[in-house]
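The values are calculated or read from the model by the stated rules, or taken from the named source; none is laboratory data. Because the structure is a prediction, the values reported are computed rather than measured. Here the Cβ positions follow ideal geometry from the backbone for every residue, glycine too, while neighbour counts run over all protein chains shown. Surface accessibility is based on the protein's heavy atoms, side chains included, excluding ligands, DNA and RNA. Shrake-Rupley method; radii C 1.70, N 1.55, O 1.52, S 1.80 Å.
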Amino acid sequence: MIRKVTVVLGALCLVAMILVTCAEVVMRYFFAHPIFGSAEMTQLLFGVLAFCGFFAVGRDRGHVNVSLFEPFLLKRFNRGYRAIFDVMSLIGSGAIVGILGWRLWDLTEYPETTVVLRVPMIWIVAIMALLALLGGVGVLASMRDERRVPLPHSPQSFE
């Protein structure tokens, strides 16, 4: 359920980015009247979009891997490699949540807005922090899942 909601939200952000960009191009080049704040809109949408996939990536163990040593490590140290993978994913997720939480706390004391549209930054950072927290939940869920989704290139993924 959470996976579907975050992926759909990400897709909506992507569609909105595309529509804003296309409208901006048409308005700028055909009517010589650009859309006010369109660059800032796409930046904010991209920020939310980037964190929308966080849950799905954590839950599916879809992190970027360096495949130079991975086949060797999976073949000889499968359980240890998985444990290190899980711990590093959890540490990374926790760090991102901590950084965004710190920024959110800072924005409660010193409110800021975006430069052009004057959107309160606390809302944008709060959405990103919530999505990052859900990503951490996804990592924990993948660690607890007894049916464990196989890592890419692992022997189980080819069965």
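When you scan region 91-103, do you find a residue that is out of contact with any Gly (no Cβ under 8 Å at 6 or more places or on another chain), exposed (fewer than 12 other Cβ atoms within 10 Å of the Cβ) and under 22 Å from L14 (Cβ atoms), even just one?
Checked against the condition, which is being out of contact with any Gly (no Cβ under 8 Å at 6 or more places or on another chain), exposed (fewer than 12 other Cβ atoms within 10 Å of the Cβ) and under 22 Å from L14 (Cβ atoms), region 91-103 yields no hits at all.
Looking only at region 27-76, count every residue that is part of a loop (DSSP other than H, G, I, E, B), open to solvent by less than 100 Å² (accessible area, probe 1.4 Å) and over 30 Å from M1 (Cα atoms) and tell me the total.
Keep residues of region 27-76 that are part of a loop (DSSP other than H, G, I, E, B), which gives 31-37, 53, 61-69.
Now narrow it down to the ones that are open to solvent by less than 100 Å² (accessible area, probe 1.4 Å): 32, 34-35, 37, 53, 61-63, 65, 67.
Of the ones still in play, those that are also over 30 Å from M1 (Cα atoms) are 32, 34-35, 37, 67.
The total comes to 5.
Of the numbered conditions (1) closer than 13 Å to L133 by Cα; (2) not in a helix (DSSP H, G or I), L90 fails exactly one; give the number of that condition.
L90 satisfies every listed condition except (2).
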